[in-house]
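S.K.: Pasting a structure here, questions to come.
A short reminder: the numbers here are calculations on the coordinates, not readings from a lab. Quick caveat: nothing in here was measured; it's all calculated off a predicted structure. Glycine also receives a Cβ, built like all others from the backbone with ideal geometry; neighbour counts cover every protein chain displayed.
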Amino acid sequence: MEEGTIVKWHKRIGDHVNSGDLLVEVATDKATVEYNALDEGYLRLVLVPEKGAAIVNQAIAVMTQTAQENIEGYKPEGIQIEASKPEVKTATQPSAAISAVKAPVAGPSLQQPSFVPEPPLERYEFAFPSEAGGKKASPLARKLAREKGLDLTTVKGSGSGGRVTSHDLDLAQPDQLVSFGPREIPSDVPGSYEEVALTPMRKVVGQRLQQSKMFIPHFYVSQEVNAEALVQLRDQLKEGNVKITFNDLAIRACALALREHPGVNSGFDSANQSIILFKTIDISVAVTVEGGLITPIVRHADYKNLGEISLEVKSLAAKAKLGKLAPQEYKGGSFTVSNLGMYGVSQFTAVINPPQAAILAVAGIEDCVRIKNGQAVLGKKMMINLSVDHRVIDGAEAAKFMKTVQKYLENPALLVV
């Protein structure tokens, strides 16, 4: 964590605060945390208002022991906001933190280009009338409209008083019995927009995924899965009042496949330029929450059965949406599963969640036609895509892993035992 956003002050200036009282709520990049006062006193000054951001160790308020204690000229302790700006180092004074990173090749630093929206159009006028009705038109326009079979009421005139001229007929619709219905005139000119500040979570997600895509050499392996047995198994379990999602089955399949292919259960330490070989299979599960994305972790996933995985994922997802995940519930992980199947997407590729070396993207189950015994039959399919860090995992190893995942998903009885 580098900074947080003040969500709500639970005390007002001048209020007496007891030790242990709820003082403020702070949104981090992962959750909203309640902060309770450590000492008794009076809240005299709020330095960071609600929706304001503060870096770690920056003062956000001033408290005093008595209500009338003079704070005029008092300079709060802690880091000042200017400290968040990057310090410029000379070549003769290297940073200790930078020196500790063993960069393989020194080169010019990358600077993000500026992408800004174009301003809204000025002096713009909607080119079509708001409703049908009588139209003033020049004699030439009327003549051409009759000859070409055009409806003058469907075009807005550019002449004086809204008179339709021959130059306006390019936008006229055909004169016929069946026509388009009336419309509303837009109130915003083209290109209008508003800007919304990034939430702390969205800011960190954006930074990490941008860094991942920029500095990690991704490659991708795709596999189509015959999902007929998968659908049948879930329906059969539902008959026994056992509610299992396809995501639960995918997590279980990945956990068992990672046991067989431990090289995929790995990561990359960019500070030490070394490969991380995780000894436990801890699967991060991508969960969409308000303002961003978070990946709670199913620890020791290969030791848990389908029912246990299902209950744990539901519990973690619910806590994530409330912003109540504890740090140990989302920090770490050795492999990630991202599932957009519930949205009906046919296929997608995911960005690696560093320092992990791989992430599996699971798409939706769709109807398809298969050739069986020389006959075209209806079936079901599901696409899975593996994004891989080529510094850690080679193509052959990734392909073997994907075929093992396919084996488990096409024979889902193996996931139940």
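S.K.: With the chain treated as a Gaussian network of Cα nodes joined by springs under 10 Å, which of GLY162, GLY395, GLY379 yields the largest mean-square fluctuation?
M.R.: With Cα springs under 10 Å in the chain, the top fluctuation among GLY162, GLY395, GLY379 is at GLY162.
S.K.: Relative contact order (percent) for region 1-87, with alpha-carbon contacts under 8 angstrom and 6 or more residues of separation? Working shown, then result.
M.R.: Values: 172 pairs, mean separation 24.0, N = 87.
It comes to 28 percent, rounded to a whole number.
S.K.: Just to be sure I understand: with springs between alpha-carbon atoms less than 10 Å apart, which residue in ALA31, ALA59, ALA227 has the highest mean-square fluctuation in the Gaussian network model of the chain?
M.R.: In this elastic network of the chain, the residue with the biggest mean-square fluctuation among ALA31, ALA59, ALA227 is ALA59.
S.K.: With a ≥ b ≥ c taken as the square roots of the eigenvalues of the C-alpha gyration tensor of region 276-417, please select rounded if a/c is under 1.5 and otherwise prolate if a/b is larger than b/c or oblate if it is not? Don't skip to the answer; put the middle values down first.
M.R.: On the way: a/c = 1.74, a/b = 1.46, b/c = 1.19.
Here region 276-417 falls in the prolate category.
S.K.: So which of LYS238/LYS372; LYS213/LYS407; LYS279/LYS331 end up more than 18 Å apart by C-alpha?
M.R.: Working: LYS238/LYS372 28 Å; LYS213/LYS407 30 Å; LYS279/LYS331 16 Å.
Violating the 18 Å limit, Cα to Cα: LYS238/LYS372; LYS213/LYS407.
S.K.: If amide hydrogens are placed 1.01 Å from N in the peptide plane, which non-local residues have theirs closer than 5 Å to the one on ARG44?
M.R.: Under 5 Å from the amide H of ARG44: GLY14, VAL62, MET63, THR64.
S.K.: Okay, next question. Name the lysines eligible as straight-distance cross-link partners of LYS148: C-alpha to C-alpha under 29 Å, and not fewer than 8 places from it in the same chain.
M.R.: Candidates past the 8-residue exclusion: LYS135, LYS136, LYS156.
S.K.: Please find, in a Gaussian network model of the chain (springs between Cα atoms separated by less than 10 Å), the residue of LEU322, LEU144, LEU121 whose mean-square fluctuation is greatest.
M.R.: LEU144
S.K.: Mind running the shape call on the chain? Use the C-alpha gyration tensor, a ≥ b ≥ c as the square roots of the eigenvalues: rounded below 1.5 for a/c, prolate if a/b tops b/c, oblate otherwise. If you can, show how the numbers build up before the last one.
M.R.: On the way: a/c = 1.96, a/b = 1.16, b/c = 1.69.
Oblate shape, in that a/c is at least 1.5 and b/c is the bigger or equal ratio.
S.K.: What does the highest-first list of 381-388, 269-276 look like by mean Cβ count within 10 Å?
M.R.: Working: 381-388: 22.4, 269-276: 12.9.
Most protected by this proxy first, the peptides run 381-388, 269-276.
S.K.: So how do 364-377, 197-210, 12-25 stack up, highest first, on mean other-Cβ count within 10 Å?
M.R.: Working: 364-377: 11.1, 197-210: 16.1, 12-25: 13.7.
Descending mean neighbour count gives 197-210, 12-25, 364-377.
S.K.: Right, another one. Output the relative contact order of the chain, whole-number percent, from Cα pairs under 8 angstrom with separation of 6+ residues. Intermediate values should be presented prior to the final figure.
M.R.: Details: 739 pairs, mean separation 58.3, N = 417.
Reported as a whole number, the value is 14 percent.
S.K.: Mind scanning LYS203/LYS304; LYS8/LYS321; LYS304/LYS381; LYS243/LYS403 and naming the pairs with a C-alpha gap bigger than 30 Å?
M.R.: Values: LYS203/LYS304 34 Å; LYS8/LYS321 18 Å; LYS304/LYS381 26 Å; LYS243/LYS403 27 Å.
Too far apart for the 30 Å limit: LYS203/LYS304.
S.K.: Sort region 213-361 into rounded, prolate or oblate with this rule: let a ≥ b ≥ c be the square roots of the eigenvalues of the Cα gyration tensor; rounded if a/c is under 1.5, and if a/c is not under 1.5, prolate when a/b is larger than b/c, oblate otherwise. Before the final figure, lay out the partial values.
M.R.: Values: a/c = 1.57, a/b = 1.37, b/c = 1.15.
The shape class here is prolate.
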